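Before any comments, here is the structure.
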Amino acid sequence: MRGPNPFSFAGKRVWVAGHRGMVGSAICRRLATENCEILSIDRGELELRDQTAVYNWVVENKPDAVFLAAAKVGGISANDSFPAEFLYDNLIVECNVINASKFANVEKLMFLGSACIYPRDAEQPMAETALLSGPLEPTNEWYAIAKIAGIKLCEAFRRQYGCDFISAMPNNLYGQGDNFDLESSHVVPALIRKIYEAKISGSNSVEIWGTGTPMREFMYVDDCADALVFLMKNYSDDEHVNIGSGEEISIAKLATRIAYIIGYAGEFHYNTDRPDGTPRKLLNDRKISDLGWKNEFDLTEGLRRTYASYLESI
Ligand code: GFB
């Protein structure tokens, strides 16, 4: 059942599960140049947590390739506040889509994870081999365990049934179509909104969660989509692949960079009642670089684009 490597999208039916999300919509934008037919179905018409419904839809629609970008996602606060949903919803959606894809003889499947699968104190930058080498960061362990299970599910289906199912782990994503809700979002959209609102209201103070010292590597979502398409075409193996930008920054410096882009000259106030989470999360991206992929957008350009998309959305 394992397909050709390199894989071609030309003339193929490609299901983007989660096409309305930030990553799914970026994948659809990227696939527009691949001469393939994009399949998508709205949440109201197909509940991905319903095993029978997913099985029937996949068998009827016969995709040749699948991007599994549907997931319950959120920033540090959402992860910490809704452990049951972050574990259960993600596990069941992965199980349903991966299992149905096997039965429908899907030629190639991409499972999308996250850099939070690695141990909290993993050696930096984190290589793919750091998986399951130590305890996870408590604020996101539920999500991380679901994502680790997804990687292992792809690996198990490859080993037992010869399915060409692969996994990729991008670092902290942001960009067009991001969630700007202050409690459930990630740090980039949250700071864009808070800093913009402070500027408009003339406030001189913006709250930053935690100490501002955690280090994060951010990746613009269209770069991630490009890497996912690249891996689908060029990679076929057990091990998941990291997708990084190599550009690391502290949360305090990120706030200053966003303030510069938005034109906010006020102060920042650090609320240490809010968690810092993982102290550092930098990916070792040697594997994807050796395959020949490199990101295009640097952080400043990505932030400018994200800010522009925020302004269009309000
Ligand atoms: O982006 P974020 O929520 O995700 O937070 P994680 C990154 C850092 O920014 C943390 C700080 O140290 C936050 O405390 N931060 C400062 C803020 N101000 C804010 C704010 O207003 N909102 C938010 N959200 N953060 C998530 C995981 O971890 O990363 C997920 O929980 C997932 O599982 C995702 O892996 C990519 O990087 O801490």
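Whether a residue is in contact with a strand residue (DSSP E or B) (Cβ under 7 Å, 6 or more places away or on another chain) and either open to solvent by 20 Å² or more (accessible area, probe 1.4 Å) or in contact (Cβ under 8 Å) with a residue 40 or more places away in the chain (or both) was assessed, and Leu91 does not pass this test. Condition check for Ala71 on (1) in contact with a strand residue (DSSP E or B) (Cβ under 9 Å, 6 or more places away or on another chain); (2) more than 16 Å from the ligand (Cβ to nearest atom); (3) at pLDDT 95 or above; (4) in a loop (DSSP other than H, G, I, E, B): one failure, at (2). Arg13: touching a residue at least 12 places away in the same chain (Cβ under 8 Å), open to solvent by 80 Å² or more (accessible area, probe 1.4 Å) and of a type in the set (D, E, K, R), yes or no? No, not satisfied. Looking at region 189-216 only, could you name the residues that are near the ligand (Cβ under 7 Å from one of its atoms) and either among the aliphatic types (A, V, I, L, M) or assigned to a helix (DSSP H, G or I) (or both)? Residues satisfying the conditions are Ala190, Leu191, Lys194, Ile208. Restricting attention to region 103-127 and to residues that are more than 16 Å from the ligand (Cβ to nearest atom) and touching a helix residue (DSSP H, G or I) at 6+ places or on another chain (Cβ under 8 Å), the residue that is nearest to Ala26 (Cα to Cα) turns out to be Met110.
Within region 224-243, the set of residues being open to solvent by less than 30 Å² (accessible area, probe 1.4 Å), more than 15 Å from the ligand (Cβ to nearest atom) and part of a helix (DSSP H, G or I) comprises Ala225, Ala227, Leu228, Val229, Leu231, Met232. Residue-level analysis places Gln124 among those that are in contact (Cβ under 8 Å) with a residue 60 or more places away in the chain, surrounded by fewer than 19 Cβ atoms within 10 Å (Cβ to Cβ) and of a type outside the set (Val, Ile, Thr).
Among the residues here, Ala78 qualifies as within 29 Å of Ala190 (Cβ to Cβ), modelled with pLDDT of 95 or more and assigned to a helix (DSSP H, G or I).
Pairs meeting the criteria (first residue in region 173-191 and on the phi > 0 side of the Ramachandran plot, second residue more than 7 Å from the ligand (Cβ to nearest atom) and in a loop (DSSP other than H, G, I, E, B), beta carbons under 9 Å, at least 6 apart or on different chains) are Gly175/Phe297; Gly177/Arg20; Gly177/Gly21. Of Ser40, Ser101, all but one fail to be of a type in the set (Gly, Ala, Ser), over 16 Å from the mean Cα position of the chain (by Cα), surrounded by 23 or more Cβ atoms within 10 Å (Cβ to Cβ) and at pLDDT 95 or above; the exception is Ser101.
Note on region 244-263: among residues that are over 26 Å from Ala227 (Cα atoms) and open to solvent by less than 20 Å² (accessible area, probe 1.4 Å), the one that is farthest from the ligand (Cβ to nearest atom) is Ile262. Among the residues examined, Leu173 does not qualify as within 19 Å of the chain's Cα centre (by Cα), in a loop (DSSP other than H, G, I, E, B) and more than 25 Å from Ala104 (Cα to Cα). The numbered conditions (1) outside any loop (DSSP other than H, G, I, E, B); (2) within 15 Å of the ligand (Cβ to nearest atom); (3) more than 19 Å from Asp276 (Cα to Cα) are all true for Asn179 except (1).
The values are calculated or read from the model by the stated rules, or taken from the named source; none is laboratory data. What you see is a predicted model; the values in this text were computed from it and never measured. In this analysis, Cβ positions are derived from the backbone assuming ideal geometry, glycine residues included, and neighbour counts consider all displayed protein chains. Surface areas here come from the heavy atoms of the whole protein model, side chains and all, with no ligands, DNA or RNA. Shrake-Rupley method; radii C 1.70, N 1.55, O 1.52, S 1.80 Å.
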